[in-house]
Amino acid sequence: MALPNVAYFSMEIAIDQSLATYSGGLGFLAGSHMQSAGYLQMPMVGVTMLWSFGYYDQRIDENGNVEVAYIRKHYDFLTDLNVSTTIRVFNEDVTVKAYKVESELFGTCPIYLLTTDIEGNSEWARRISHKLYDGDEKIRIAQETVLGVGGVRILQAVGYNFDVIHMNEGHALPAAFELLRQYNGDLKAVRQKTVFTTHTPVPAGNEVHWVDTLLEGGFFSGCSRETAVELGGENFSLTVAALRMSRIANAVSQLHGLVANKMWEWVKDRCPIKAITNAVNLHYWQDPRIANAKTPQELLDAKHEMKKDLFQYISDTQGKRFDPNVLTITWARRFADYKRAWLILMDEARIEKLLNENKIQLIFAGKFHPDDTMGKETFNNILRKSYNMKNVVVLPGYELALSAKLKKGSDIWLNTPTRPLEASGTSGMSANMNGAVHFSIYDGWTVEGTFPGINGYTVEYPGLDDDIPWQERHWKDHRFIMNTLENEIIPTYYENKQEWARLMRQAIRTAEGYFNSDRMVIEYFNRIYKPIAHGGAQSGNEDVSEMKSIETPNQDAWTYSNIK
């Protein structure tokens with residue numbers, strides 16, 4: 001039986017450093033999805049936006065603080081399809097033009113890029129595709145309308161016959177409403193065509209807007225207010241409506257599947273939520289030096305060379321000189337507060353002792369949303385401290401190229417979210433592929449793939465999910481991290497190189513064997529796409545169990561500056 005044709009809609013897709021169409025983890029995941037679909041020659045296309053200014057460029061100003069800058073991108077390697085469509089957005093006709101990333105360019109499946117930044121559109125309409133995740137609510141709604149409604153119409157205009165629309169997060173929900181319009185209100189027909197991936201149990205990550213604002217913005221593609229309210233409420237939840245308009249949905253790790261089913265169990269008439277664990281593309285992320293290392297010594301030598309490459313970059317850009325013989329720990333990901341970049345620094349005297357004795361080196365990197373004052377404050381607090389701390393550096397501009405350097409040049413990849421708020425957290429997978437040992441809170445994919453004493457280290461202890469004050473939880477996690485670092489990681493790294501090489505090898509094998517996106521894409525076709533396209537019945541609830549001990553908290557604001 002032929003595989004279904006799939007159209008994968010995502011607000012961001014990271015496929016190459018030269019194409020600024022992503023901000024962070026969601027885009028990295030989507031990029032791996034597109035890469036594996038291309039590598040496996042699956043019948044799939046991607047649909048995303050062509051951002052004129054990308055997300056933003058992150059720099060350090062003359063006062064030693066982080067600054068947000070926007071630089072217009074000019075691409076000469078995209079195929080101009082000479083195809084456009086017009087959609088109604090906030091009472092204005094907006095022309096959406098399409099470009100294409102050809103498969104052979106980056107080894108992906110074909111990807112369609114949508115832009116409104118063209119002659120003939122008003123200045124406001126051109127702004128729609130300027131900045132990814134624009135903080136202006138109306139622009140943000142317009143972006144989602146262009147992606148969903150415009151995306152469906154562009155695919156139909158170029159003659160791509162999709163059997164399935166995959167909405168990667170709720171941003172693409174207008175695609176389902178465009179189908180609802182085309183199917184004359186037949187919600188059952190829409191469900192047969194639509195699947196949905198939910199990514200985060202953090203309340204702020206599940207977008208909500210007043211229904212009348214969305215209606216004015218064209219988000220519902222002509223659907224009535226009454227129908228929209230039935231699907232998503234007056235204070236309209238994109239996630240709730242997506243769960244009601246899809247045939248099936250999926251969470252992005254097995255733990256997240258349990259959390260998501262509990263979180264959304266109140267939603268009447270929602271589709272089943274399965275769990276398909278995220279993965280990253282082995283062919284893109286793994287350094288050939290790691291792939292070719294056959295013996296423990298060759299593996300250690302490869303890592304030593306990769307560390308020297310990273311440290312040359314640090315020296316060239318930051319003026320700090322790191323030693324490739326010193327254990328190097330990296331925290332690099334989105335600067336959202338629940339990810340707790342500051343956690344390892346809570347007891348400064350304790351961590352500075354290890355730094356001053358040249359036992360460890362610490363690297364931080366990551367971006368915050370431009371409007372996230374807490375994320376920016378956290379970044380600046382750690383940045384300022386790094387100026388006066390030995391063996392600590394904060395690197396701006398965390399994008400694909402820097403991410404690859406860090407994953408290749410690190411010994412430990414540190415992950416410190418507040419459990420269970422990390423749905424998956426894929427960066428540790430690509431770090432593992434390069435022999436960086438994962439050290440993580442027992443959350444997201446870590447539950448499935450990081451095994452203490454075998455291929456990494458986890459933060460887990462009795463009472464892990466007890467209801468205790470946040471400050472107490474932070475200190476408890478911090479002390480466990482420091483005890484493990486001092487008593488297990490450091491002695492093994494310096495005193496037992498053969499054991500360290502074994503840990504590295506097992507981390508690599510785990511990532512290659514299961515956390516490769518080739519596996520993930522095949523699983524999507526077998527468990528999500530095919531049953532929809534061919535009408536197979538599927539309850540989707542067979543792998544969901546009770547999870548009464550883990551609640552989805554509404555975390556109080558907590559930043560490094562709160563830590564005493």
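Observations on the model:
- Candidate set from region 241-266 (those that are in contact with a helix residue (DSSP H, G or I) (Cβ under 7 Å, 6 or more places away or on another chain) and over 21 Å from Val152 (Cα atoms)); member that is surrounded by the most Cβ atoms within 10 Å (Cβ to Cβ): Ala251
- Condition met for Gln506 (surrounded by 15 or more Cβ atoms within 10 Å (Cβ to Cβ) and modelled with pLDDT under 95): no
- His438 vs. criteria more than 30 Å from Ala2 (Cβ to Cβ) and in contact with a Phe, Trp or Tyr (Cβ under 6 Å, 6 or more places away or on another chain): yes
- For Gly24, the stated conditions do not hold, so it cannot be described as at pLDDT 95 or above and not assigned by TED's automatic domain parsing to the domain that holds Glu399.
- Taking region 388-405 as the range and being in contact with a strand residue (DSSP E or B) (Cβ under 9 Å, 6 or more places away or on another chain) and either within 11 Å of Ile329 (Cβ to Cβ) or among the small types (Gly, Ala, Ser) (or both) as the test, the residues that pass are Asn391, Val392, Gly397, Ser403.
- Looking only at residues of region 1-46 that are farther than 19 Å from Gly444 by Cβ, touching a strand residue (DSSP E or B) at 6+ places or on another chain (Cβ under 6 Å) and of a type in the set (Gly, Ala, Ser), we find that the one that is surrounded by the fewest Cβ atoms within 10 Å (Cβ to Cβ) is Ala7.
- Extreme residue, surrounded by the fewest Cβ atoms within 10 Å (Cβ to Cβ), among residues of region 509-549 that are modelled with pLDDT of 95 or more and aliphatic (A, V, I, L, M): Ile522
- For Glu67, the requirement of being free of Cβ contacts under 8 Å to residues at least 12 places away in the same chain, surrounded by fewer than 22 Cβ atoms within 10 Å (Cβ to Cβ), in a helix (DSSP H, G or I) and not assigned by TED's automatic domain parsing to the domain that holds Ala336 is not met.
- Take the conditions (1) polar (S, T, N, Q); (2) over 30 Å from Thr197 (Cβ atoms); (3) buried (at least 22 other Cβ atoms within 10 Å of the Cβ); Gln286 misses just one of them, which is (2).
- Pairs, first touching a residue at least 40 places away in the same chain (Cβ under 8 Å) in region 388-407, second among the basic types (Lys, Arg) and part of a loop (DSSP other than H, G, I, E, B), C-beta under 6 Å, six or more apart: Val393/Lys320; Tyr398/Lys367
- When Gln35, Gln17, Gln41 are checked against the criterion of being assigned to a helix (DSSP H, G or I) and over 15 Å from the mean Cα position of the chain (by Cα), a single residue qualifies: Gln35.
Residue-by-condition table, conditions (1) in contact with a Gly (Cβ under 6 Å, 6 or more places away or on another chain); (2) touching a residue at least 40 places away in the same chain (Cβ under 8 Å); (3) closer than 17 Å to Gly159 by Cβ; (4) not assigned by TED's automatic domain parsing to the domain that holds Leu215:
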site	(1), (2), (3), (4)
Thr86	no, no, no, no
Val94	no, yes, no, no
Ala98	no, yes, yes, no
Val101	no, yes, no, no
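Residues are listed down the side, and each one gets a yes or a no for (1) farther than 26 Å from Trp285 by Cβ; (2) among the small types (Gly, Ala, Ser):
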position: Arg340; (1), (2): no, no
position: Leu345; (1), (2): yes, no
position: Ile360; (1), (2): no, no
position: Gly366; (1), (2): no, yes
position: Glu377; (1), (2): yes, no
position: Asn381; (1), (2): yes, no
position: Tyr387; (1), (2): yes, no
position: Glu422; (1), (2): no, no
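- Among residues of region 411-428, those that are of a type in the set (S, T, N, Q) and within 8 Å of Lys339 (Cα to Cα), counted: 3
- Residue count, region 133-177 (criterion: surrounded by fewer than 24 Cβ atoms within 10 Å (Cβ to Cβ) and of a type in the set (Ser, Thr, Tyr)): 2
- Check on Asp61, free of Cβ contacts under 8 Å to residues at least 40 places away in the same chain and farther than 24 Å from Arg333 by Cα: no
- Of residues in region 70-122 being charged (D, E, K, R) and in a strand (DSSP E or B), the one surrounded by the fewest Cβ atoms within 10 Å (Cβ to Cβ): Asp80
The values are calculated or read from the model by the stated rules, or taken from the named source; none is laboratory data. In this text, all values refer to a predicted model and were calculated from it rather than measured experimentally. Quick reminder, even Gly has a Cβ in these numbers, built from the backbone with ideal geometry, and neighbours come from all protein chains shown.
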